[in-house]
1. Given the Cα-Cα distance of residue 455 and residue 314 and 0.36 nm per residue of separation, how much length would full extension add, in nm?
2. In deg cm²/dmol, rounded to 500, what helix-only [θ] at 222 nm does the chain give when every DSSP H run of at least 4 residues adds -39500 (n - 2.57) and the total is split over its residues?
3. With angles folded into 0 to 90 degrees, how steeply does helix 329-340 sit against the dominant principal axis of the chain? Use alpha carbons for both and round to 10.
4. Given the C-alpha atoms of the chain, compute the convex hull and give its volume per residue in Å³.
5. Quick check: the angle from helix 490-499's long axis to the longest principal axis of the chain, C-alpha only, nearest 10 degrees?
6. Just need log10 I(q)/I(0) for region 416-489 at q = 0.15, 0.19, 0.22 Å⁻¹, Debye formula, equal scatterers on the alpha-carbon atoms, no solvent, rounded to two decimals.
7. What is region 50-119 by shape, rounded, prolate or oblate, if you read a ≥ b ≥ c off the alpha carbon gyration tensor as root eigenvalues and call it rounded for a/c under 1.5, prolate for a/b larger than b/c, and oblate otherwise?
8. Please list the radius of gyration and Dmax for region 527-584, considering alpha-carbon atoms only, with Å as the unit.
Ligand code: ASP
């Protein structure tokens with residue numbers, strides 16, 4: 001038997017018990033006549049003591065030959081520790097070792113395997129199996145496990161059935177780019193890895209499955225932005241015979257359950273906000289509502305004076321930064337530079353200092369008097385002591401820029417508290433989104449999303465105004481889930497493809513199977529998918545999803561541990577009918 005106990009469980013009440021422990025050597029302190037070893041496993045650390053006076057000589061000798069990360073098995077007696085360590089649960093005891101077996105040796109690890117390691121990200125990823133031995137990383141994976149178990153239990157309890165859908169499917173051009181897999185047996189043909197199980201879950205509804213979920217890997221070959229993974233995990237869900245209200249209630253229930261179960265937090269009924277309102281008040285379809293700094297639109301009070309920049313703008317909009325009146329000229333200039341960075345793209349920023357005595361001092365005093373500025377303060381909710389920051393220009397762009405500033409300031413002012421949770425539903429998304437590159441409308445969510453009742457006609461006259469039965473669940477400024485009520489009628493679906501610019505042939509070639517299925521009694525249905533990686537990170541109070549994935553890819557989409565992607569040999573290429581000659 002390798003162990004009678006783990007390294008996290010022995011306490012003072014176990015004193016004088018003979019135990020066997022196994023684990024990794026974390027730390028060795030060798031005084032010659034006395035050797036202490038910290039023995040680590042998944043459960044904790046137990047201190048071992050080898051003492052010349054009490055430990056057999058050959059065991060003493062072995063102790064002096066141990067190295068960091070050796071795997072050992074020891075037998076000994078639990079004794080009270082002379083100098084206790086209140087920082088670890090096993091800190092009152094140590095093991096007086098009588099036998100030691102080296103189960104495996106180890107090279108010196110390339111970084112220290114401690115909570116605070118000296119290893120940089122790249123090194124830790126290359127030796128991820130060593131990184132996993134560190135408590136913070138291990139805890140994150142255990143945390144993820146807890147969340148997925150809570151999800152599974154909750155949904156299963158509510159009669160959802162977890163069904164696996166295939167990973168080798170057909171490529172569809174809508175949405176992101178597909179990862180493709182060449183088929184050996186079908187020359188010149190390719191599978192695609194699913195971007196989501198969307199069509200399959202809809203077919204499960206046609207198949208009468210009624211309530212489906214799956215914790216499932218999805219694959220998107222997108223240019224990698226920070227903290228995006230080419231493969232990621234969704235909690236994918238679908239229900240039949242439901243309206244939007246049913247979906248929102250069901251998954252609000254799931255989210256509340258998770259917040260309670262995992263974080264011990266009770267939240268009230270989730271607020272709902274239309275997409276238009278979210279854009280107007282926060283300039284963002286995933287607003288962080290843990291703090292204020294709501295947008296104040298200033299067109300009415302700032303235009304038609306002599307300030308040309310504002311007069312020619314589609315939107316003039318500002319936010320009040322709490323306490324910002326304190327900022328020095330230099331700090332404000334830095335802020336202006338910040339919004340002018342290419343990533344944000346503002347051309348400039350107008351500001352108003354709201355003085356403690358109720359007066360105002362602005363960067364545009366030439367054009368606006370105290371009375372004007374008081375109106376700005378009213379519109380932005382600014383108090384004495386605040387700084388009003390105003391941007392202007394084309395409405396969508398300006399909102400996005402001001403939203404970036406709002407988030408940045410909240411970060412700087414430490415208003416984004418990790419242990420505060422503010423979920424909300426954003427509903428009534430536009431059905432379509434104009435794509436500048438291709439010069440046509442795309443489905444904002446996906447082409448299976450149904451328009452709001454009675455809006456099908458509007459598609460012909462004002463497509464951009466059509467709203468969809470689509471919703472996002474937003475938590476602390478992150479979209480953690482999104483879904484829609486689907487089209488379940490063949491005619492409507494083929495009309496939708498038509499509006500989206502598919503020829504009938506293309507629609508049939510790509511989605512004929514779905515439209516065929518709709519002809520055999522497809523029930524009304526809808527669903528949602530949560531991004532599990534991000535959800536876990538937020539519940540865990542952290543930002544980076546990589547930290548919650550056992551074997552993540554780096555920002556270039558590479559797995560640096562196994563060194564993938566990698567070339568394949570010529571014979572494999574031939575078998576796959578990818579007769580490309582490899583250049584040396
Ligand atoms: N399949 C969608 C997505 O991955 C979610 C849904 O509509 O249920 O975003």
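1. Values: separation 141, 0.36 × 141 = 50.76 nm, distance 2.72 nm.
Gain on extension, residue 455 to residue 314, equals 48.0 nm.
2. On the way: 17 runs with 170 residues, N = 584.
Calculated from helices alone, the mean residue ellipticity at 222 nm is -8500 deg cm²/dmol.
3. 80 degrees
4. Working: hull volume 140.5 nm³, N = 584.
About 241 Å³ per residue, rounded to a whole number.
5. That helix lies at roughly 80 degrees to the long axis.
6. -0.57, -0.79, -0.95
7. Numbers: a/c = 2.44, a/b = 1.15, b/c = 2.12.
Verdict is oblate for region 50-119.
8. Final numbers for Rg and Dmax: 18.0, 49 Å.
No lab work stands behind these numbers, since they all come straight from the coordinates. Values in this document were obtained by computation on a predicted structure and should not be read as measured data. For neighbour counting, all protein chains shown are included, and Cβ atoms are generated from backbone atoms with ideal geometry for every residue, glycine included.
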